[in-house]
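> Here it is, the structure, as structure tokens.
Just so it is clear, none of the values below were taken in a lab; they were calculated from the coordinates. Being a predicted model, the structure only gives us computed values, none of them experimental. No Cβ is skipped: glycine too gets one built from the backbone with ideal geometry, and neighbour counts run over all protein chains shown.
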Amino acid sequence: MRSRLPYPPLAVILALMASASVAAAAALHFHGAERQDSSCESHDDRRSTHCEVRELLLPVPAEPLRVDARPNGGIRVEGGSRGDVRVRAKVAASAETDEAARALAAEVRVVTSGTIHAEGPTSGRDRSWWVSYEIEVPSQANLSLESTNGGISIDGVSGDIQFKTTNGGIHLSDMGGRVRGRTTNGGLDIHLDGTGWEGESLDVQTNNGGVNLAVPAGYNAHLETATVNGGMRVDFPVTVQGRLDRQLSVDLGHGGPTVRAVTTNGGVVVRKR
């Protein structure tokens, strides 16, 4: 895998932190830096929206790093040569006035003990809040990610990785390991890197969304992709098993671990990088 610069905008484990240190740091919740985010956009022209970014450094957990962005939030993870976990949580709140939106955001608490998630007051007709996450991790991190109404993006991480979302797209780049994931309503955008999949396999799926798979020249893997309702386009010659108009099962180069990306309702494009 290629090396990564630490931010922007998200970043080999140097050492495993003791479990006691993990628990102690997690109990701090968010005492890191906080700043207002000028990129906040309102979902409703009749209401004011306030955004702020909260930052924290955490030790690498012994267990998979768990992030839950439900009910409304995206997750972006980038791997790099760091020995800790850097979390940037973008807290957004919408209310009738600027002052009310700021006050609502202040009531939202980002918890890092166990699963990283947010807690806050009940949203209603006149006010709501949501939190999205940008996280830098060691390149060999293990991850467990979940969201609703938000996309998931992972770049430069090779580990035991699981993720799922509803109503959000998936972007994967420069990855390896054992990767499993799905989305219900969203496309799959996958960029393979290097000369072959390093690790057990990749298995991702969507119910409603297209598959865009970019493959480097000379890549070695067993590729599987399929659609039930949608077309298929492969931009380079392959020897197929099955129907090229609906499914593809083929060894690329010398073969290797399985790289699988499938959809039920959506087109499939496989192209050379």
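> For labels at residue 265 and residue 81 in the simple 7 Å Cα→Cβ model, what's the distance in nm?
Between residue 265 and residue 81, the label points sit 4.7 nm apart.
> Something else: Give a quick list of trypsin sites (Lys or Arg not before Pro) in segment 98-160 that DSSP marks as loop, anything other than H, G, I, E or B, with at most 14 other Cβ atoms within 10 Å.
125
> Okay, next question. Between segment 189-210 and segment 49-114, what is the separation of their alpha carbon centroids in Å?
Centre-to-centre (Cα) distance: 27 Å.
> Want the number for residue 198 to residue 99: 0.36 nm per residue separation, take away the alpha-carbon distance, what's left?
30.6 nm
> Sticking with this structure for a sec: Taking 30 Å as R0, compute the FRET efficiency from the Cβ-Cβ separation of residue 126 and residue 184 and round it to 0.05. Numbers along the way, then the final one.
Working: r = 29 Å, r/R0 = 0.97.
Result of the calculation: an efficiency of 0.55.
> What does the charge count near residue 68 come to, summing +1 for each Lys or Arg and -1 for each Asp or Glu among other residues with Cβ under 13 Å from its Cβ?
On the way: positive: 66, 70, 164; negative: 119, 146.
It works out to a net charge of +1.
> Could you tally the net charge around residue 271, taking each other residue with its Cβ under 12 Å from the Cβ of residue 271, Lys/Arg +1 and Asp/Glu -1?
Numbers: positive: 233, 272, 273; negative: 189, 235.
Spelling it out: positives minus negatives among the neighbours equals +1.
> Let me ask something additional. Once a ≥ b ≥ c are taken as the square roots of the eigenvalues of the Cα gyration tensor of segment 177-273, is the result rounded (a/c under 1.5), prolate (a/b larger than b/c) or oblate (a/b not larger than b/c)?
oblate
> I've got another one for you. Less than 14 Å Cβ to Cβ from residue 237, Lys/Arg counted +1 and Asp/Glu -1: what total charge do the surrounding residues give?
+1
> When a/c reaches 1.5 or more, the comparison of a/b and b/c decides; with that in mind, is segment 114-239 rounded, prolate or oblate per its Cα gyration tensor?
Oblate.
> A further question follows. Quick one: length gained pulling residue 148 to residue 106 fully straight, 0.36 nm per residue minus the C-alpha distance?
On the way: separation 42, 0.36 × 42 = 15.12 nm, distance 2.25 nm.
Gain on stretching residue 148 to residue 106: 12.9 nm.
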